[in-house]
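Please read the structure below before turning to the comments.
Just so it is clear, none of the values below were taken in a lab; they were calculated from the coordinates. These figures come from a predicted structure and were not determined experimentally. Here the Cβ positions follow ideal geometry from the backbone for every residue, glycine too, while neighbour counts run over all protein chains shown.
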Amino acid sequence: MNAGEVMSRNPIAVPAEAGLAEALQLMFDHHISGLPVVDGKAGLVGILTEGDLLRRSEIGTAGQRSRWLDLLITGRLANEYVRTHTRRVDDIMTRDVVSVAEDTPLTEVVRLMERHRIKRVPVVRDGALIGIVSRADLLRAIRRLLVTEPKTAASDETIRQHVLAELARAPWAPHGLTVDVGNGVVTLDGVILDERMRRAVRVAAENVPGVKAVVDYILWVEPHSGMVFKAPSGEES
């Protein structure tokens with residue numbers, strides 16, 4: 001999937017020349033924690049988020065420094081004064097905005113979110129804001145796909161082949177597992193050398209369309225001690 005498929009269109013934005021009170025009211029009214037900032041032609045010029053507003057003189061969080069340090073970094077202090085005291089959006093907004101195009105894969109969008117520790121990524125076309133992908137948009141896409149997942153019936157052999165194919169694609173999957181299917185119930189048997197594989201194999205089987213339950217008879221052999229651990233009573237999920 002790409003950004004254009006999940007983005008919120010016509011996102012709430014604030015003009016760069018707007019006052020801070022106006023921007024905050026928009027955030028409260030629409031229950032959002034960040035606003036794209038645009039110029040007169042809807043061009044993206046910045047973003048205003050909750051993080052930009054943590055240090056403010058109004059609530060006594062602007063912070064203080066020692067007098068001798070003030071003499072060394074007066075330019076930085078002047079900049080901080082603006083950020084903690086201004087009432088204009090364009091003074092406090094983040095100007096170096098991370099943005100993407102409509103066809104940017106969601107894998108890249110998520111990578112940017114994680115790398116820059118941000119909750120939303122504006123989507124632009126020719127420099128103009130056309131949408132935004134937030135964490136909430138990603139969650140809505142996940143829910144939509146889970147709810148609309150096809151419930152088509154599949155034969156036991158088809159289910160078995162799909163489980164085997166999924167395990168064959170997984171670099172973590174153990175070799176030599178036995179997979180049997182009867183009336184939609186998948187039975188797993190074999191040996192693993194890492195207990196964490198058990199849950200991963202179970203999830204791989206559960207996600208195959210048509211699976212009603214998974215029964216686990218896999219043995220875990222602890223490599224260092226050689227001790228053997230069974231699944232709890234042929235665990236079924």
Report summary line: When the charge dipole of the range 3-145 is computed with +1 on Lys and Arg Cβ and -1 on Asp and Glu Cβ about the Cα centre, the Cα farthest towards its positive end, among Pro15, His85, Leu26, belongs to His85
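Based on the Cβ-Cβ distance from His85 to Lys41, what FRET efficiency comes out when R0 is 25 Å, to the nearest 0.05? Write out the running numbers ahead of the final one.
Numbers: r = 29 Å, r/R0 = 1.18.
It comes to 0.25.
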Query - In sequence order, calculated HN-Hα J values of the range 123-134 (Karplus, 6.51, -1.76, 1.60; Hz; x Gly/Pro) - result: 10, 10, 9, 6, x, 9, 6, 10, x, 8, 10, 10
Query raised in the report: Check Val191: other-chain or 5+ apart residues with amide H under 5 Å from its amide H, H built from backbone geometry?
Result: Leu219
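Extension gain Glu50-Asp29, at 0.36 nm per residue separation less the Cα-Cα distance, in nm?
Numbers: separation 21, 0.36 × 21 = 7.56 nm, distance 1.46 nm.
Full-extension gain reported as 6.1 nm.
Please give the contour-minus-distance gain from Lys212 to Glu58: 0.36 nm per residue of separation, less the Cα-Cα distance, rounded to one decimal in nm. Don't skip to the end; give the middle numbers.
Values: separation 154, 0.36 × 154 = 55.44 nm, distance 5.79 nm.
My answer for the length gained is 49.7 nm.
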Requested in this report: Using only alpha carbon pairs under 8 Å that are at least six residues apart, calculate the relative contact order of the chain and give it in whole percent.
Outcome: 16 percent
Query raised in the report: To the nearest Å, what is the center-to-center distance of the range 3-29 and the range 94-139, using C-alpha atoms only?
Result: 14 Å
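Pulled fully out, how much extra length does the chain show between Val221 and Arg140, if you take 0.36 nm times their separation in residues and subtract their Cα-Cα distance?
25.1 nm
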Report task. Just tell me, in residue order, which DSSP H segments of the chain are both 27 angstrom or longer along the helix axis (alpha-carbon based) and at least 1.0 in mean Kyte-Doolittle hydropathy. Result -> none
Report summary line: For the pair Glu102 and Trp172, the simple spin-label estimate (label points 7 Å beyond Cα toward Cβ) gives in nm 3.7 nm
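If r is the Cβ-Cβ distance from Asp126 to Thr94 and R0 is 25 Å, what FRET efficiency results, to the nearest 0.05?
Details: r = 21 Å, r/R0 = 0.86.
Approximately 0.70, to the nearest 0.05.
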